Amino acid sequence: MVRPGHGGREGGDFAVDLAKMYTINLGTRRPTLLARLRFWLTDYELRCVACYRFGRWAGRVRETRPLLGVLLLGIFWFWNRHNMRIHHADIGRRADIGPGLLVMHRSGIIIGPAVIGGNCVLHHNVTIGQRIAAGDHGVPTLGDDVWIGPGAVISGAITVGDGCTISAGTVLSKDVPARSLVGGNPGRVIARDYDNANMINFVLPRRAGDPPSPILGDE
């Protein structure tokens, strides 16, 4: 699992997010300045991811420069509140999300405290966070390359393995092994060794042993 914070700063994670979004939406990792400007002005999913990364960075700044950190966190609070009102999306800064985050449809996405690996793909009306029942305040841990369909709910102190696919409308509150196709309410494993590579689109960043990637400029 590619854990956020291992070997990189939030800015580095956001650079990977951007590389993935540019490649998928604009066909190149390094679009022209005009194409980037147009994308930033019109892509609301990008703004939601940028707000989350900014909040994580602001939290780290506060650890070493408290006054500046408080100011930056205030900016994040207003920005996130705007996203909640306008886009109905709330990706909390206490969530620990790896690089290559891709939000396909922003509306209704709620992410609280959780640990999520790299290359996660999220669709609309997804909820990830604590399960508040019978004193259970555990948070989920998701591996790398997890695809989450519309309307899915993932809660509690559970582990979702690398390469899992969570089908639309799934309500998941128990562990599932890597490369599982999961569906239903309550969520259950429908198929094992399920390949979601085409759904993830691009796997970033390159891992040890992977072939060189022109997307990352390491040909």
Rounded to the nearest 0.05, what FRET efficiency is calculated for residue 63 and residue 190 with R0 set to 41 Å and r the Cβ-Cβ distance?
0.40
Need one number for segment 22-171: average projected area of the convex hull over its C-alpha atoms, nm².
10.0
Which whole-Hz couplings ³J(HN,Hα) result when phi for each residue of segment 113-118 is put into the Karplus expression 6.51 cos²θ - 1.76 cosθ + 1.60, θ = phi - 60°, listed in order with x for Gly and Pro?
x, 6, 10, 10, x, x
Which residues' amide hydrogens lie under 5 Å from the amide hydrogen of residue 110, considering only partners 5 or more residues apart or on another chain, with H built in the peptide plane?
90, 126, 127, 128
Would you compute, for the Cα atoms of segment 13-98, the largest minus smallest coordinate along each principal axis and list the three values in descending order, in whole Å?
40, 28, 23
Hey, can you grab everything whose amide H is under 5 Å from the amide H of residue 96? Only 5+ residues off in sequence or another chain; H modelled, so Pro and N-termini drop out.
114, 115, 116
Would you please put 178-189, 29-40 in order of how densely packed they are, using the mean number of other Cβ atoms within 10 angstrom per residue and starting with the highest?
178-189, 29-40
For residue 96 and residue 40 in one chain, what is 0.36 nm times their gap in residues minus the Cα-Cα distance, to one decimal in nm?
17.8 nm
Whole-Hz Karplus couplings 3J(HN,Hα) for segment 140-149, θ = phi - 60° and coefficients 6.51, -1.76, 1.60, Gly and Pro as x, run x, 10, 10, x, 6, 6, 9, 9, 10, x
Using the Karplus curve 6.51 cos²θ - 1.76 cosθ + 1.60 with θ = phi - 60°, what ³J(HN,Hα) values do you get for each residue of segment 68-83, in whole Hz, with x for Gly and Pro?
4, x, 4, 4, 5, 5, x, 4, 4, 4, 5, 4, 5, 4, 4, 4
Checking rank on 119-128, 61-70, with mean other Cβ inside 10 Å and highest first, the result is 119-128, 61-70
1/(1 + (r/R0)^6) with r = Cβ-Cβ of residue 73 and residue 137, R0 = 22 Å, i.e. FRET efficiency to nearest 0.05, evaluates to 0.45
Just need the relative contact order of segment 10-153 here, percent rounded to a whole number, with Cα pairs under 8 Å and 6+ apart.
18
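A short reminder: the numbers here are calculations on the coordinates, not readings from a lab. The structure displayed is predicted, hence computed values, not measured ones. Methodologically, a virtual Cβ is constructed for each residue, glycine included, from the backbone with ideal geometry; neighbour enumeration extends over all protein chains shown.
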